[in-house]
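The values are calculated or read from the model by the stated rules, or taken from the named source; none is laboratory data. It should be emphasised that the depicted structure is a prediction, and the values quoted were computed from it without experimental measurement. Virtual Cβ from ideal backbone geometry, glycine too; neighbours counted across all protein chains shown. The protein model used for the area step is the full one, side chains on, heavy atoms only, and it has no ligands, DNA or RNA in it. Shrake-Rupley method; radii C 1.70, N 1.55, O 1.52, S 1.80 Å.
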Amino acid sequence: MLDAALRRVIGPPLDAAGRTLAAAGARADAVTLAGFAVGLAAIPLLATERYHLALVAIALNRLADGLDGAVARQRGPTDLGGYLDIVCDFLFYGAVVFGFVLAAPENRLPGAFLLLSFIGTGSSFLAFAAFAARRGLETSARGPKSLFYLGGLTEGSETIALFVVCCLFPGAFGVFAWIFTAACWLTTLSRAVTAWHRLRC
């Protein structure tokens, strides 16, 4: 929901940094994979309840996620780069929830249902993107992307906001997870309705 608006704010400084990194020889794929590796460090940090350090790992991962696209726009985007970006994003989102599940027994049920809801939002997003590509549908609402980005109530910005507040208030993870899960199912439903109207003929 907030991705498009946030893109207009953070896009220019990210693009400037991307130009600098590209000029220095950085490759977008390397930025993606480095950011993913840093993001995975959140799992043991969360599991051992070092929430503030986990928040740093999450923030660095998201910074890398913004920079890889900026570098790609300078060096030229590739299908492999787009593939790595989306796969690493979804695995990272699940990894953070997994870290919270490991941290406390009471996080298991809300965490498991949150992961289930991520399957709904992720599959509804990727399935529409696949058929949008077949039909030649395009959108630039969230900046230049390698695939069609179908919006919703819960997008990347909202997911990261969830992780931030859970790191700051880990004792309330269950409450935040249940609320976000409900929002995720609304997103999945809205995407299914959009797909029904745009793909049925």
Checking Gly111, Gly76, Gly81 in turn, the sole residue that is open to solvent by less than 80 Å² (accessible area, probe 1.4 Å), more than 26 Å from Thr194 (Cβ to Cβ), at pLDDT 95 or above and not basic (Lys, Arg) turns out to be Gly111
Among the residues of the stretch 39-73, the number that are surrounded by fewer than 20 Cβ atoms within 10 Å (Cβ to Cβ), among the charged types (D, E, K, R) and in contact with a Gly (Cβ under 7 Å, 6 or more places away or on another chain) is 1
Would you confirm whether any residue within the stretch 182-193 is within 15 Å of Phe113 (Cβ to Cβ), in contact with a Pro (Cβ under 6 Å, 6 or more places away or on another chain) and open to solvent by less than 30 Å² (accessible area, probe 1.4 Å)?
no
Mind telling me which of the residues Ala57, Ala30, Ala95 ends up being free of Cβ contacts under 8 Å to residues at least 60 places away in the same chain and farther than 30 Å from Ala182 by Cβ?
Ala30
Here is a list: Arg27, Arg108, Arg73, Arg19. Which entry is in contact with a helix residue (DSSP H, G or I) (Cβ under 8 Å, 6 or more places away or on another chain) and closer than 27 Å to Ala172 by Cβ?
Arg108
